[in-house]
1. Please specify each residue of segment 69-106 satisfying the condition of being buried (at least 22 other Cβ atoms within 10 Å of the Cβ), more than 12 Å from L220 (Cβ to Cβ) and not hydrophobic (A, V, I, L, M, F, W, C).
2. Is segment 193-202 home to any residue that is closer than 23 Å to D100 by Cα and either open to solvent by 70 Å² or more (accessible area, probe 1.4 Å) or over 24 Å from the mean Cα position of the chain (by Cα) (or both)?
3. Which residue out of H375, H397, H424 is within 22 Å of V153 (Cα to Cα), open to solvent by 20 Å² or more (accessible area, probe 1.4 Å) and either modelled with pLDDT of 95 or more or touching a helix residue (DSSP H, G or I) at 6+ places or on another chain (Cβ under 6 Å) (or both)?
4. Could you tell me whether any residue of segment 160-168 is farther than 26 Å from R262 by Cβ and at pLDDT 95 or above?
5. Can you pull out the residues in segment 118-151 that are open to solvent by less than 20 Å² (accessible area, probe 1.4 Å), part of a helix (DSSP H, G or I) and not hydrophobic (A, V, I, L, M, F, W, C)?
6. So A229 ticks every box in (1) within 13 Å of L401 (Cα to Cα); (2) open to solvent by 10 Å² or more (accessible area, probe 1.4 Å) but one. Which box is left unticked?
7. If you check V235, V273, V212, which single one turns out to be under 20 Å from A79 (Cβ atoms), among the aliphatic types (A, V, I, L, M), touching a strand residue (DSSP E or B) at 6+ places or on another chain (Cβ under 7 Å) and outside any helix (DSSP H, G or I)?
Amino acid sequence: MKNTRRKFIKNAAAGSAAIMAGGILPGFSASSYKRIVGANEKLRASVMGVNSRGNALAQNFAFQDNCDVIHICDVDSRAIKKCTANVEKVQDVKPKGLTDFRKSLEDKDVDILVVAAPDHWHAPAALLAMQAGKNVYLEKPCSHNPAEGEMLVEAAKQYKKSVQMGNQRRSWPNVMQAIKDLKDGIVGRPYYGKGWYTNNRESIGIGKEVAVPDWLNWELWQGPAPRRAYKDNIVHYNWHWFWHWGTGEALNNGTHMVDLLRWGLEVDYPVKVSSNGGRYRYKDDWETPDTQVIGFDFDKEVSMSWEGRSCNGKHIEGSSVGVAFYGEEGSIVISGGNDYKVYDLKNNIVKEVNNEMEIDPRDAANPSSHLDALHIRNFFNNILNNEPLKSDINGGHKSTLLVQLGNIAQRVGHSLEINPQNGHIKGDKEAQKLWSREYEKGWGMKL
């Protein structure tokens, strides 16, 4: 055999216990955690969008002993070739490369569609997959706009498929323990939470209309989005900063932290959302904020905020990404890794839990493969054994919606009053126009 992926880890129960305790099982390396033994059933996955994050996810899915990645789908022929070669190194089956992921959905052997394409494709692809009878592993954010997220929640019920959103920290052992400590009252009643993300991104310049490269299917890349001319500063990453396709840093990275805040504070929908910031650092085509602070007020004497700085990487609490919960008797700080600290009101550390595996929160493609495998395994166990999902589409939509509301407040230039029962914007016609989007003719989402 050309790989050792199917040399199973024995004594899986002991290994799982060691992982959940946050320790390292003697005799095993960190990479061993990628190969957690599960059920005997074989799942077959197709991965859509493999230039960056999808490439890492494809390899991680392939590492799992009861999964084969059988299709690699991308509109970039170079990405297909690269990802196929990487996956072939870690499994026995050579994946088939497809430009159009819809061809993959026609294959009855495909059980799972992994969606890691640009944001404007997330919800439409997930819906098509469910309608084709596939389960979905959906990278964050789950949708480009709130209407799409609500549609996915309904679709999961209607088609009875498993949909796991890539809020992988929900499955990280030490993060889970930190949230448990918080809910058990280690800092008393928490009443405020703060999340953040910082980076040092460069200018994207002023794009020029040029010929579409021969390796790119630009028509299919645009998919559901109304057509625009190809420019040389959009593909592959800079689409994040255009409202037409992307959702800015708030959903690119803020979704993760807002999800942790919502989880820890046990809140769903706010009563008020505000946002301040803008594109300050450079004068270029970048449309979304590079500096943004979103505030959320809830109706239970709880509030939270998220701060994003795309072009100034100064850390907060010693980390480029993280969350902090403030309570009546102290605070908890969860950094970008799988570790946390608990402080009393005098700023003394009363508990510290450290992660022993290397994590790089600024690695957009693969910051934490060994921990992400736990999230993937939870997804598999839900499909095979009905284990509850750590980040189902219902919760994933709620966390995505919060930051979407922040972006809407930013774009209309004023705070929003929100219905705490369903998250809808109250009495603001201008803001409500951004609840959904226009689609290219023939590409609209339909249940």
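The values are calculated or read from the model by the stated rules, or taken from the named source; none is laboratory data. Being a predicted model, the structure only gives us computed values, none of them experimental. For neighbour counting, all protein chains shown are included, and Cβ atoms are generated from backbone atoms with ideal geometry for every residue, glycine included. The protein model used for the area step is the full one, side chains on, heavy atoms only, and it has no ligands, DNA or RNA in it. Shrake-Rupley method; radii C 1.70, N 1.55, O 1.52, S 1.80 Å.
1. Passing the criteria: H71, Q91, P95, S104.
2. Taking segment 193-202 first, the residues closer than 23 Å to D100 by Cα are none.
Scanning segment 193-202 turns up no residue that is closer than 23 Å to D100 by Cα and either open to solvent by 70 Å² or more (accessible area, probe 1.4 Å) or over 24 Å from the mean Cα position of the chain (by Cα) (or both).
3. Details: H375 fails: open to solvent by 20 Å² or more (accessible area, probe 1.4 Å); H397 fails: open to solvent by 20 Å² or more (accessible area, probe 1.4 Å).
Going through H375, H397, H424 in turn, just one is within 22 Å of V153 (Cα to Cα), open to solvent by 20 Å² or more (accessible area, probe 1.4 Å) and either modelled with pLDDT of 95 or more or touching a helix residue (DSSP H, G or I) at 6+ places or on another chain (Cβ under 6 Å) (or both): H424.
4. First, the residues of segment 160-168 that are farther than 26 Å from R262 by Cβ: none.
No: zero hits.
5. D119, H120, H122, P124, P146, E148, G149
6. It fails just one condition, (1).
7. Working: V273 fails: under 20 Å from A79 (Cβ atoms); V212 fails: touching a strand residue (DSSP E or B) at 6+ places or on another chain (Cβ under 7 Å).
Matching residue, one of V235, V273, V212: V235.
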